[in-house]
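Accompanying notes for the structure given below.
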Amino acid sequence: MRCVLGLILLIIGTGLSARAVEILKSPDALLWKQDLLQGSVWVRNAKKYTLNTPYGSVQANRGDFYIHYEPQKVTVVNNLGRLQVHLKDGRIVEVPPGFEMWFSEIQEDKKNRMGVIRPVNTQEYIVNLGKIWTGSLASFKKEMLEMEESWGDRTRLASRYYKSLVEREIASVEKEKQEQDEIKRKEQERREANRRLLFHKAFER
């Protein structure tokens, strides 16, 4: 396993409030301050950290995440803690620990292209993390086991998540229907009012 040293310590704040964010980079990574321009980074000990991409920003709170940026596509995995993706179109997507999603450029409908949030393929993911790990093999194995255990039953979590998505979609459709019904009702009232007005005017002559 090839380990590439790409460790950056970013000190945020001063004095007792200082917090260290550890970032492991792939050999091809291009990172300018908090803007990812290319490659992969693994952000660790992110008590509060934002990483920007051309298609949106990733915001972690007391977390640990991995992000890979390739031409026209960004993939992010939440290892631990709270992780939100703030898309350029204004939408905010929360990614649970043990899950991943991808997002891309804004389309003609003025919304970012994005994939469905799904459980991480653990075997493939561990290989990707191993390529940029800087410690010993033993410590890497220990950390991967602890991380996977912290994810719990992702199948059950995924089921609850997709159910929630369906319920929100149904609620959205119902709300839209109610709004359309209200528009139709007001339009009908307007037509009735105009009809009555014309009727009265006709008899007043």
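Summarising the label geometry, the points placed 7 Å from Cα in the beta-carbon direction at Ser139 and Leu37 lie 3.0 nm from one another. In this structure, the pairs whose alpha-carbon distance is over 30 Å, taken from Lys73/Lys184; Lys33/Lys111; Lys111/Lys177; Lys48/Lys142; Lys48/Lys73; Lys73/Lys177, are Lys73/Lys184; Lys73/Lys177. When you count the other C-beta atoms within 10 angstrom of each residue and take the mean per peptide, 135-148, 109-122 line up highest first as 109-122, 135-148.
No lab work stands behind these numbers, since they all come straight from the coordinates. Bear in mind that the values here come from a model prediction, so they are computed numbers and not experimental data. For neighbour counting, all protein chains shown are included, and Cβ atoms are generated from backbone atoms with ideal geometry for every residue, glycine included.
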